[in-house]
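Below is one structure, written out as structure tokens, with a few remarks after it.
The values are calculated or read from the model by the stated rules, or taken from the named source; none is laboratory data. Because the structure is a prediction, the values reported are computed rather than measured. Glycine also receives a Cβ, built like all others from the backbone with ideal geometry; neighbour counts cover every protein chain displayed.
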Amino acid sequence: MVNSKRVACVIPVYNGKQDLLRLFDSLDQQKAHFDVLVVDSSSSDGSQELAEERADELVVINSSEFNHGGTRQKIVNDYPQYDVFIFLTQDAYLDDPSAITNMVKYFDKSTVAAVCGRQLPHDDANLLAAHARIFNYPSESIYKSLEDASSLGIKTPFMSNSFAAYRRESLIKVGGFPDDVILSEDMFVTARMLMAGYEIVYAGDACCRHSHNYTIIEEFRRYFDIGVFHAKEPWIRDNFGGAGGEGFKYVKSEIKYIGLRRFYLWPSSLIRNALKLFGYKLGQRSEKLPVSIKQKLSMHSHYWSK
């Protein structure tokens, strides 16, 4: 129980045993009380056995059944006894023993439907990965409603599936997580929550460690998928605006973060961001591409096998 709410931490898992062990250890350090539910996609590296030992509940599914939104919604549907679901990815871990407590406290306000935690870079994060976390996850907390769309734009429904909490009642009322999106199931559902009149919180005081040292090709493929998502869900851009302005702010911020002393990294930064933009625009026009090409361009190639 946390503030009289029943809380479950849900972790979708597929291999990555050492990352999962690190996450379990960080959960053990938390001051709050909660249950840990693991959904394992038939891991073969001992992750399943570790989860059986350390988690309160273990659900095993076939790897072909995993879906970013559908798998999370399955847990919400199958475990109705919980008031709040906190979703974590196995490559994240909690940075502060009060992280869960700090996240759940925002649900004391009845209009809050979801809370996004702050992400700090991993210790091995490269320069660009560290900047991405600094830019997207500031230290200040903020309550957001649909009225903020005019000033915050696409940042209004911003959410991350690596460390985020949802009020079950609100999640059910807006239809739950979608099972047919390539990614960004978190933004999809928080956009619906905002449009239904709920508030979303970005919690700068609930911190985890999570970052990716993506290669330039991996970033291109990720942004291709983001473009696919926005093209297939145009209502989000219609209500909250596009990502163009935010992208320009990001490039300026990254160049400033690199600084004059490392000016030799400016060209690679500009090329990388140009490829991200190209990938995004290409993803927006993915309906014109053959499936075989989309599978090669996408980070989630299995999505195109449906």
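So, of the residues in region 117-133 that are outside any loop (DSSP other than H, G, I, E, B) and of a type in the set (D, E, K, R), which turns out to be nearest to Lys144 (Cα to Cα)? Working first, answer last.
Our first condition is that a residue be outside any loop (DSSP other than H, G, I, E, B); within region 117-133, this holds for 117-120, 127-133.
Narrowing further to those that are of a type in the set (D, E, K, R): 118, 133.
Details: Arg118: 15, Arg133: 20 Å.
Step by step, filter region 117-133, then rank; the result is Arg118.
Residues considered: Leu37, Leu23. Of these, the only one that is closer than 15 Å to Ala165 by Cβ, buried (at least 19 other Cβ atoms within 10 Å of the Cβ), under 21 Å from the mean Cα position of the chain (by Cα) and of a type outside the set (Ser, Thr, Tyr) is Leu37. Restricting attention to region 281-306 and to residues that are of a type in the set (A, V, I, L, M, F, W, C), assigned to a helix (DSSP H, G or I) and under 19 Å from Ser64 (Cα atoms), the residue that is nearest to the chain's Cα centre (by Cα) turns out to be Trp304. Cβ-Cβ below 9 Å, separation at least six or inter-chain, first residue in region 135-148 and in a helix (DSSP H, G or I), second of a type in the set (D, E, K, R) and exposed (fewer than 14 other Cβ atoms within 10 Å of the Cβ): which pairs? Final answer for the pair search is Phe135/Lys249.
Go through region 37-81 and give me each residue that's of a type in the set (A, V, I, L, M, F, W, C), farther than 21 Å from Glu169 by Cβ and not in a loop (DSSP other than H, G, I, E, B). If the condition is that a residue be of a type in the set (A, V, I, L, M, F, W, C), farther than 21 Å from Glu169 by Cβ and not in a loop (DSSP other than H, G, I, E, B), then Val38, Val39, Leu50, Ala51, Leu58, Val59, Val60 are the ones that fit.
Here's the yes/no breakdown for (1) at pLDDT 95 or above; (2) among the hydroxyl-bearing types (Ser, Thr, Tyr):
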site: Tyr202; (1), (2): yes, yes
site: Ala206; (1), (2): yes, no
site: Leu275; (1), (2): yes, no
site: Gln284; (1), (2): yes, no
site: Glu287; (1), (2): yes, no
site: Val291; (1), (2): yes, no
site: Lys296; (1), (2): yes, no
site: Trp304; (1), (2): no, no
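In this structure, Ser141 does satisfy being surrounded by fewer than 19 Cβ atoms within 10 Å (Cβ to Cβ) and either in the same structural domain as Met195 (by TED's automatic domain parsing) or of a type in the set (Asp, Glu) (or both). When Met193, Met159 are checked against the criterion of being aliphatic (A, V, I, L, M), assigned by TED's automatic domain parsing to the domain that holds Pro80 and free of Cβ contacts under 8 Å to residues at least 60 places away in the same chain, a single residue qualifies: Met159.
Can you find a residue that is among the small types (Gly, Ala, Ser), more than 20 Å from the chain's Cα centre (by Cα) and buried (at least 19 other Cβ atoms within 10 Å of the Cβ) anywhere in region 60-74? The answer is no, given that none of the residues of region 60-74 is among the small types (Gly, Ala, Ser), more than 20 Å from the chain's Cα centre (by Cα) and buried (at least 19 other Cβ atoms within 10 Å of the Cβ). Could you check how many residues of region 274-304 are over 30 Å from Ile255 (Cα atoms), surrounded by 14 or more Cβ atoms within 10 Å (Cβ to Cβ) and among the charged types (D, E, K, R)? Number satisfying all stated conditions: 1. Regarding Ser98, is this residue more than 19 Å from the chain's Cα centre (by Cα) and either touching a residue at least 40 places away in the same chain (Cβ under 8 Å) or not assigned by TED's automatic domain parsing to the domain that holds Val181 (or both)? Criteria met by Ser98. Of the residues making up region 155-197, those that are more than 26 Å from Gln90 (Cβ to Cβ) and either among the polar types (S, T, N, Q) or surrounded by fewer than 21 Cβ atoms within 10 Å (Cβ to Cβ) (or both) are Lys155, Thr156, Glu169, Lys173, Val174, Gly175, Met195, Ala196, Gly197.
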